[in-house]
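> Have a look at the structure that comes next, please.
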Amino acid sequence: MGDKKSRPSGDALGREANIEMLKRERRANNAWHKLKRNKIAMAGLFVIVFMVLVAIFAPLLAPYPPNKVNPGQAYLPFGSPGHIFGTDDLGRDLLSRIIYGGRISLIVAVGATFVGATLGILLGLTAGYFGGWLDSLIMRIMDGMFSFPFILMAMILITVIGNGVLNVTFAIGIANVPSFARVVRGQVHIVKREEYCNAGKVIGVSNTRQLFCHILPNTMSQIIVYATLRVADAIISEAFLSFLGLGIALPTASWGSILKTGRECLTTAPHVATIGGVFILVTVLGFNLLGDGIRDIMDPKMKQ
Amino acid sequence: MIRRSVTTWVLAAALAAMTLAGCGSSNQSAPQQDTTTTAAASEPATTAALETRAEEEPSGEVQKGGILTVVVPSSPKTVDPKDHTTDYEADIIFQVAQNLVTYNKDYTDIIPLLATEWSVSEDGKDYTFKLRDDVYFQPGKFQDGRQMVAEDVKYSLERIYNECATDRICREFFESVEVVNDFEVIIHLKDSCGPFLETLCDIGNGILPKEEVEGWGDEFGYHLVGTGPFMLEEMVADEQVTLKKNPNYWGDEPNVDGVVVKTASDNSQIVNALVSDEAHIGMYLQGESIQRAKDAGLLAQAPATSVTMIRFNMQNGPTADPKVREAIIKAVDIDGMVSGIYQYGEASRIYQPLTFLSWGYQDKYDSLIPEYDPEAAKALLAEAGYPDGFTMTMYIGSSTNREKMAQLFQYYLGEVGITVEIKSSTMADWMSAVTGSYKDSVVNSYGITFNGTIDPYAYEEKFFTSNNIDSVSNAGGYADDQVDEWLYAAYKETDREKRTEYYGQVMEKVMNDNVGIFYACEARNWGIAPKVHDSVVRADSRLLICTPFNNIWIEQ
C-alpha cells in the first residue's frame, strides 16, 4: 500500500498531469485571469475601484464640508495652502467637492444603468422570446423612444419630474431602457435557437424558467459589457444635465455642477472647469477601458 | 486630526497625479486673477468701485460716417412701442421713435424732446405741451415723411392707454388728450398724478404716425416708423437689426451713417467681438466677461436704477412672524453675500428697497436694517418658537447671480439652524410659482431684481401696495392700510418734497417690518471700443447714440 502511495503508477501520473493541465486550462480560461492579463482593462478597473473607494470614504477624506462657503476666498488657485485643488466661485474647497461630487456622479451613473438595464432586460427578454405582436409592440415603443436623442429624452423627463438625485437617476435610467432592450432582444434571438433551449422546450420547461434560467444567463456576458459602457455614458449624461442646470439640486456637488461653475470663469479661474472635467474624463475612460477589456475576453473571435 | 490631514494630502497627491498636465495651465493662470477676485470679494462693492472707461483722446475733430456695431445678448422680437417687453427692444425703439419728453444725460431730470415746453395746471390734472414745429416722420410705406402734429400725439398716447397690456401711462388717472392746435396738446388726468411726467418718458409713449401703425397692422412691430435719428431698415429675427441715418432728422445730424445691432447669446462672444474689432459696443455684460472687458480697457459701468432683493412670504409659513424675519436678516452677512455674488464688482450694496439714484432716497433709513448677528438671530428664533430652526424654501429664476445668492443665503441660514431648500427654475416657471404665493406657505422666500426709474413710485408703490399682492412685485403679500394711504397720497401729490416725505414714511414702516433683504444694485456693464467717442452709459442702460446730449462718432 505504502509503495503504491509513494510510487504512483504510470496511469496515475498521467491522470494527475491531466488534472493539473485541466486546472491550468480552466485558470487560463477563467474570466478574471484573462482580465488580469489585459493591462489596459486592469488600469480601467483600478481607476473605478479608486473612485468608488474615494466616494465611499468621502466623509473621512474630504478636508472640508463640500458646501461650506467662504466668499472671501473665492477662486483660490490650484495648490493654495489649505485648498490644494483651489476653491470655486463661493470659496468652497474644490477637493472636497470633487470627492463628494464623485459620490453623486457614481451613484447616479450606476443607479441609472441599473434602472435602464433592469427594465431593458425585461422588455428585451419578453420581446425576443415571445416574438409576434408582443415583440412588435415593445420594439415599436422602443423605436419611438429611440427617435428622441438620448440626452433630449433625459431632459424632457427631468423637466416633467423635476431635478434631484433620484429623479436624475430615474430620467437617465429610463432614457437607457431602449438601448438595453434592443441589445437583449438581439441576444435572445440567437440564444433561443440553441440546442439546449430547444431541448428545454421539448421536455416542457416553463417559459419563465426557460427565460430566467437558460436564456438570461447566456446573454449576461453581453449585458455586462454593454452596462459597463453605459455607466460611462451615464456619468457624462449626469454631468451634462447638471451643466445645463437640470441635474442635481443646488448646492449638492456633482462633477457636472463643478463643470458648470467652471464655465463661468474659464479665463479667470480655469482650474475649476479643468479639475471637474479631468475627473469626468478619467472615470469615463476607466469604465470604457474596463468595458472594452471585458468584451475582449468574452468575444470568442478575440481569443488568442 | 493629523491622520486625517495626512490622508487628505496622500489622497490629494494621488488625485492630482491623475489630473495630469491639464491642471498645469490653471495653476499658472489662476493666481494672476486671484488677487483681483479675492480682493473684490473681501470688500463690498460700492458705487465708487464701478469702472468708468477712460475714453481715448480723439486724434482730431469729430469724424462723420461709419456704421456703429452693437452686440446684445438677446434678439429683439418686436419693436412696436405698444408690445415691447425687453430692454433689447426698447434700445431699438429709442433710436427710431421719440417721446414728448426724455431723461437727461445723468438720468436725474426730465428734458424736452418733441415738446418744447410744458406746464401743469394748479390742480395737477392738466398737462399742456407745446410741440416742435420742425419734426417730420421718417418716410414709410403709408406716408412720405409728413410733419408730426398734435393729432399724432393724441393718437399715440390714446393707443397706449387703450391697447397696451402693460400700464405705461398711469392708466388709473389718464383721461384723454385734447388737441388745441397743430402744435399744442393738453393731457387731461382724472386726478393729479405725481409720477405722470416720468411715465411719459417710457419709450412705449413714443409718437407714431397713424397711417403706418394702421397700414402695417400686426406687422408694425417689424416696420417701426417714428421721428428719431435712425430709420429701421431691416429686422432679421435672432440675427440682426439694421438702422440707417434719418436724412430728415430735426435734431443734430447723427455722426454715424447707421447702426447694426447683432445678437450674441454668449457674453464671451461679445467681448471677443469687441477685442477683435468686429463690434464697437457690447451691452449687458455679466460675470467673467466684465473682468475680460476690464482687462482689455473696454469696460464702462454705471449704477443701475434697480433693486435686487430677497422677499419673504408675509402672510403664511414661518416668515409671517416678524421675529423670524428679523432673525433671518440678522443671520445673513449681507456684505459677505454681495461680495460673494458679484465678484467682478458689478453691483453696489444697497440697504433700502429703493435705488440710491432716486431723488426720494434718504440714507437715514439705511440703519434700519438689522445688523448681522447670528447669535441674536438664534435667540430671536427661540423666542419665536423655533429653537431648533425650521425648513423654508427659496424660489429663484435660474441665473448665475441668483443661484449664488441662494446658496449663500442657504449657508448663512444653515448656521442658525434654518434649512433652506433652493427651488431653481426657468424664469417663466419661477414667475408662475411666485405670483400670488402669499396665499400658502409653499414659497417662503424668493429672489428678484426689479428695474425702475428715479421715481420712488416705481419701487415703493410696486413693492408694497396691497393692490399689487397678486403681481410678482409684491408676491410676498405685504399689505398695510397705513402704507397704502401714504402711497396713494404720494401718487397723487405733484410736489416732489411732499412726495419724498410720504415715501420716507413708507420706507420707515416697511424697513421696520423687515419685509425682505434688499442687497444690491446691479450695475450696467458695457464694453466700448476705444475708437468710439461721446458714448454715455446711463443708469437705465438705454443705448444713447444721437440724443440732445450726445452724438456718438467713430474714429476711422
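> Can you put B:L189, A:L60, B:L299 in order, fewest other beta carbons within 10 Å first? Working shown, then result.
On the way: B:L189 21, A:L60 12, B:L299 28.
The most exposed by this proxy come first: A:L60, B:L189, B:L299.
> Does segment A:157-304 come out rounded, prolate or oblate by the C-alpha gyration tensor, with a ≥ b ≥ c the root eigenvalues, rounded set by a/c under 1.5 and, if not, prolate when a/b is larger than b/c and oblate if not?
It is oblate, given that a/c is not under 1.5 and a/b is not larger than b/c.
> Here's something else I'd like to know. At a 10 Å Cβ-Cβ cut-off, how would you order A:I224, A:I172, fewest neighbours first?
Numbers: A:I224 15, A:I172 32.
If I rank by nearby Cβ atoms, fewest first, I get A:I224, A:I172.
> Tell me, what HN-Hα J-couplings in whole Hz come from the Karplus equation 6.51 cos²θ - 1.76 cosθ + 1.60 at θ = phi - 60° for each residue of segment A:264-279, using x for Gly and Pro?
Each residue of segment A:264-279 in turn: 6, 9, 4, 8, 8, 9, x, 5, 5, 5, 4, 5, x, x, 5, 5 Hz.
> Further question on the same structure: Need one word for chain B: rounded, prolate or oblate. Basis is the Cα gyration tensor (sqrt eigenvalues a ≥ b ≥ c); a/c below 1.5 gives rounded, then a/b vs b/c decides.
Here chain B falls in the oblate category.
> Around B:M231, which amide H atoms from residues at least 5 apart in sequence, or from another chain, sit under 5 Å from its own amide H, with H modelled in the peptide plane?
Sorted by chain and number, the residues that satisfy this are B:K244, B:K245, B:N246.
> Starting from the Cα gyration tensor of the protein assembly as shown, take the square roots of the eigenvalues, sort them a ≥ b ≥ c, and report rounded, prolate or oblate (rounded when a/c is under 1.5, otherwise prolate if a/b is larger than b/c, else oblate). Walk me through the numbers on the way to the answer.
Numbers: a/c = 2.30, a/b = 2.02, b/c = 1.14.
Taking the square roots of the gyration eigenvalues as a ≥ b ≥ c, the protein assembly as shown is prolate.
> Assuming 0.36 nm per residue, please report the length gained on full extension of the stretch B:T435 to B:D388 beyond their Cα-Cα distance.
Here the answer is 13.9 nm.
> Can you give me the C-alpha center-to-center distance between segment A:200-251 and segment B:385-448, rounded to a whole angstrom?
The distance from the Cα centre of segment A:200-251 to that of segment B:385-448 comes to 38 Å.
> Taking Cα atoms, how many degrees apart are the long axis of helix B:2-18 and the longest axis of chain B, rounded to 10 and kept between 0 and 90?
Computed tilt is about 50 degrees.
> While we're here: Counting other beta carbons within 10 Å of each Cβ, put A:S242, B:S441, B:S176 in order, fewest first.
So the residues, fewest neighbours to most, are B:S176, B:S441, A:S242.
> Quote the charge dipole size of segment B:306-522 about the Cα centre in Debye, to the nearest 20; the model charges only the Cβ of Lys and Arg (+1) and of Asp and Glu (-1).
380
Since every read-out is calculated from the coordinates, none of them should be taken as a lab result. This is a predicted model, so every value here is computed, not measured. With ideal geometry, Cβ positions are generated from the backbone for all residues, glycine too; neighbour counts draw on all protein chains shown.
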